[in-house]
């Protein structure tokens, strides 16, 4: 128990500090984006504070696994640099026994984050959408939320994949049913410009489809202008369950069973998959941190950051493919089980002091590159006129 408390105390400080720093950076980035949307509102700061509070559950799902992993790496490298790990290994203490308190913490965080993802996240998403709609109503402005349909019914439906800047969107789908024959527009990007009681859409790089069957006509365009009445595009106030991101677990599961909606399937696996990354990262922390002592902490931390970038981007890519119906939902768990198995294999190799030389060489290569840069810099500064 003494060893467990000692390891936990070394880990806890960097974990708390790292989580607060990363969370602060994410909140600052979101605050700057929101400020441009609500800057002219009389209650701008209060509204922005409430909006940021509603984003915290999602940001916790991102920051806690990262902070856990990097602080565990810091703990391992600190013990190694101070030769404490060598002493414990000489006394017959295994790595699993050494870090069992952190394994217990990883399991606690896994269950805690699963609760946040399943129950807190949909409610916070609903509150965020409703408050943002209130902001738009106060401003009298029109905006579209990425990956949300503007209307579930009505003559006009707009869907945008993402937003580049104010009123400029990418991945646009527009369905206009004001006439007898529906007209569809698909464009790579477009700009939305209010003009009185109408909205002018400047669509770029897309196609216009009109009619059905053999009478359907298709027009490819580089730029196309569409004018629509604004009142038909007003965003509706969302309620719990209107979209998969605002559904509680039972409601989301029932929706998946009835509709097989790929967006709902991706949302289900996103909520379950992100918390599980804590367990996967626990297994990788040890093998990625056991580098030669002279390499210091920099090499292992850089390799760890590279792993984080690779894992998170892989999850985002797979979820996007599931949303579009290109991959089944279980593919995200195939990814998780593959990385889990690899991490477990490397941990067992570390227990036998038989890690692949590639891992040690990675940290050593970073150390040698760092020393080379320092030598080049010192030579430059030592030259006349340098």
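Only the coordinates and a few stated rules stand behind these numbers; no lab work does. Remember, it's a predicted structure, so these values are computed and weren't measured experimentally. Quick reminder, even Gly has a Cβ in these numbers, built from the backbone with ideal geometry, and neighbours come from all protein chains shown.
Roughly speaking, what is the centre-to-centre gap between region 68-119 and region 301-343 when only Cα atoms are used, to the nearest Å?
Measuring centre to centre over Cα atoms gives 23 Å.
For residue 27 and residue 161, FRET efficiency with R0 = 22 Å and r from the beta-carbon atoms, rounded to 0.05?
Given R0 = 22 Å and the Cβ-Cβ separation, E is 0.35.
What's the exposure ranking of 289, 71, 78, 227, going from fewest to most Cβ atoms within 10 Å?
Details: 289 26, 71 22, 78 16, 227 10.
Ascending number of Cβ neighbours within 10 Å: 227, 78, 71, 289.
Starting from the Cα-Cα distance between residue 348 and residue 334, subtract it from 0.36 nm times their residue separation and give me the gain in nm to one decimal.
Computed gain between residue 348 and residue 334 is 2.9 nm.
Which peptide among 172-178, 243-249 comes first, and what is the full order, when sorted by highest mean count of other Cβ atoms within 10 Å?
The most tightly packed comes first, giving 243-249, 172-178.
With labels modelled as points extended 7 Å from the Cα through the Cβ direction, what inter-label distance (nm, one decimal) is found for residue 123 paired with residue 221?
Going from the residue 123 label point to the residue 221 one covers 4.6 nm.
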